[in-house]
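The values are calculated or read from the model by the stated rules, or taken from the named source; none is laboratory data. All values reported here derive from a predicted model rather than from experimental measurement. Cβ atoms come from the backbone with ideal geometry, glycine included; neighbour counts cover every protein chain shown. Please note that ligands, DNA and RNA were not included when accessible areas were found on the heavy atoms of the full protein model with its side chains. Shrake-Rupley method; radii C 1.70, N 1.55, O 1.52, S 1.80 Å.
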Amino acid sequence: MQKDMNNIGVKKRGHGNRSWIKIDQEGNSEVLELEKATIMRHCSLPSRDMRLLDPLFLCPSTILGREKAIVVSLEQIRCIITADEVILMNSLDGCAAHYKAELCKRLHASKDQSDDLPFEFRALELALELTCSFLDTQMKGMEIEIYPLLDALASSINTLNLERVRRFKGNLLSLTQQVQKVRDEVEHLMDDDGDMAEMFLTEKKQRLEANIRSNLYLETSFFGKPKSAPVSPVGSTNGSYKLQRAFSSIVNSSSLMSSSNGGDNVEQLEMLLEAYFVVIDDMLSKLLSLKESIDDTEDLINIKLGNVQNQLIQFQVLFTAATFLATMFAALTAVFGMNFSDDVFEHPTSFQWIVYLTLIACGLVFISFLFYFRYKKIFPL
């Protein structure tokens, strides 16, 4: 019982086995159950890089070049790329399966074809391509829904369309931030040659193997003699001189090879990143244009609402003036409705003339109000 509780506690702390998908250079894939610590030791990664691969953490888009691996965290694509294989966490959303199927397909297809890109760059290119495709699909879906909605809202303002625009605006802001983060990360890599140099895993592996072979050659060539053989001081001096000269020549040749190939590879990787930077930048421009269309529609709605509000104020002013004059006319009926004797009641036509004159006076006062409003430019008449 205590052992089971300990196992549960370990799993809660995140040290249990997880499902990973490994893809090698030949396009063969397999599903493995490994701990994070095993992946960290295999790829020489710190624990903070492993958090970028965990879907439970909301991490920004990141591409990191390490000594033996490239850590990629681009929206739905999160994987570790080495010189020989790609390791990605097996997720349930289908993105990992899509990446695996597409990468295996390309690796099988490139067996009979010559490809200048090394394995790690092809895997990185696929991650960028799928990320751009995922973001572009979301953007086009929003364009299809938002533009007709904005046209309908511009012609007819109602609560339902306003609520839909508010919801789409929130989704648009979230998508714009995602695209902006991917764009900034790609731009950061393009501006830093050191970060791009760390991504040449195949070249670093070949250089390491060449150094190992050269060390073995030196050991067998200069230290392979039996220890019992007598060695003269002159011979030992010449041997050490030859060893130093051979070692310096090997180091110089390897450094020249790495420096000559490094510039070409940096330029090659920069061109690859630049191609996707253009795509992401164009996507960001379209999203900003879509946001501007929403803002323009909101400004148009505010102008229309302001116009309606001004018309209501004008109507209220006219209605208040008419109410004031009707109150004046009602005061006349109140006066003559009182119980008092007057000569006017003896002549019925006299009361009619009083009513007519009062109506004319109220009309003249109302017209004077209109001219006053026009003079003060309260509203055009």
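Could you list, in sequence order, the residues of the range 350-378 that are open to solvent by 100 Å² or more (accessible area, probe 1.4 Å) and either of a type in the set (Phe, Trp, Tyr) or within 60 Å of the chain's Cα centre (by Cα) (or both)?
353, 356, 371, 372, 374, 375, 376, 377
Would you mind stating whether residue 144 is open to solvent by less than 60 Å² (accessible area, probe 1.4 Å), over 19 Å from the mean Cα position of the chain (by Cα) and of a type in the set (Val, Ile, Thr)?
Details: open to solvent by less than 60 Å² (accessible area, probe 1.4 Å): no; over 19 Å from the mean Cα position of the chain (by Cα): yes; of a type in the set (Val, Ile, Thr): yes.
Criteria not met by residue 144.
Looking for something open to solvent by less than 30 Å² (accessible area, probe 1.4 Å) and assigned to a helix (DSSP H, G or I) - is there at least one such residue anywhere in the range 78-91?
Let us first name the residues in the range 78-91 that are open to solvent by less than 30 Å² (accessible area, probe 1.4 Å), namely 79-83, 85-89.
Within this subset, residues satisfying the condition of being assigned to a helix (DSSP H, G or I) are none.
Scanning the range 78-91, I find no residue that is open to solvent by less than 30 Å² (accessible area, probe 1.4 Å) and assigned to a helix (DSSP H, G or I), so the answer is no.
Could you go through the range 104-119 and let me know if any residue there is closer than 22 Å to residue 131 by Cβ, among the hydrophobic types (A, V, I, L, M, F, W, C) and under 21 Å from the mean Cα position of the chain (by Cα).
Initially, the range 104-119 is screened for residues closer than 22 Å to residue 131 by Cβ, giving 104-107, 109-110, 115, 117-119.
Add one more test, that the residue is among the hydrophobic types (A, V, I, L, M, F, W, C), and what stays is 104, 107, 109, 117, 119.
If we keep only those that are under 21 Å from the mean Cα position of the chain (by Cα) too, we end up with none.
No, because not a single residue in the range 104-119 is closer than 22 Å to residue 131 by Cβ, among the hydrophobic types (A, V, I, L, M, F, W, C) and under 21 Å from the mean Cα position of the chain (by Cα).
Taking the condition out of contact with any strand residue (DSSP E or B) (no Cβ under 9 Å at 6 or more places or on another chain), surrounded by fewer than 18 Cβ atoms within 10 Å (Cβ to Cβ), more than 18 Å from residue 278 (Cα to Cα) and in contact (Cβ under 8 Å) with a residue 12 or more places away in the chain, does residue 110 pass? Show your work before the answer.
Working: out of contact with any strand residue (DSSP E or B) (no Cβ under 9 Å at 6 or more places or on another chain): yes; surrounded by fewer than 18 Cβ atoms within 10 Å (Cβ to Cβ): yes; more than 18 Å from residue 278 (Cα to Cα): yes; in contact (Cβ under 8 Å) with a residue 12 or more places away in the chain: yes.
Yes; evaluated as a whole, the condition is true for this residue.
Which residues, taken from the range 104-125, are in contact with a Lys or Arg (Cβ under 8 Å, 6 or more places away or on another chain) and not in a loop (DSSP other than H, G, I, E, B)? Break it down stepwise before answering.
Looking only at the range 104-125, we keep the residues that are in contact with a Lys or Arg (Cβ under 8 Å, 6 or more places away or on another chain), and these are 106-107, 110, 115, 122.
Answer for the range 104-125, where residues must be in contact with a Lys or Arg (Cβ under 8 Å, 6 or more places away or on another chain) and not in a loop (DSSP other than H, G, I, E, B): 106, 107, 122.
From the list 133, 91, 110, pick out the single residue that is more than 30 Å from residue 299 (Cα to Cα) and in contact with a Pro (Cβ under 8 Å, 6 or more places away or on another chain). First the steps, then the outcome.
Numbers: 133 fails: in contact with a Pro (Cβ under 8 Å, 6 or more places away or on another chain); 110 fails: in contact with a Pro (Cβ under 8 Å, 6 or more places away or on another chain).
That would be 91, the only listed residue that is more than 30 Å from residue 299 (Cα to Cα) and in contact with a Pro (Cβ under 8 Å, 6 or more places away or on another chain).
I'd like the full set of residues that are more than 31 Å from the chain's Cα centre (by Cα) and either at pLDDT 90 or above or open to solvent by 70 Å² or more (accessible area, probe 1.4 Å) (or both), limited to the range 256-310.
256, 257, 259, 303, 304, 305, 307, 308, 309, 310
Within the range 19-41, can you find the residues that are in a helix (DSSP H, G or I) and either out of contact with any helix residue (DSSP H, G or I) (no Cβ under 8 Å at 6 or more places or on another chain) or open to solvent by 80 Å² or more (accessible area, probe 1.4 Å) (or both)?
First, the residues of the range 19-41 that are in a helix (DSSP H, G or I): 36-41.
Of everything in the range 19-41, those that are in a helix (DSSP H, G or I) and either out of contact with any helix residue (DSSP H, G or I) (no Cβ under 8 Å at 6 or more places or on another chain) or open to solvent by 80 Å² or more (accessible area, probe 1.4 Å) (or both) turn out to be 37, 38, 41.
Going through the range 196-217 one residue at a time, which ones are surrounded by 15 or more Cβ atoms within 10 Å (Cβ to Cβ) and part of a helix (DSSP H, G or I)?
196, 197, 201, 202, 203, 204, 205, 206, 207, 210, 214
Would you pick out the residues in the range 351-380 that are of a type in the set (D, E, K, R) and part of a helix (DSSP H, G or I)? It would help to see each step written out before you state the result.
The first filter runs over the range 351-380 and keeps only residues of a type in the set (D, E, K, R), leaving 374, 376-377.
Matches in the range 351-380: 374 only.
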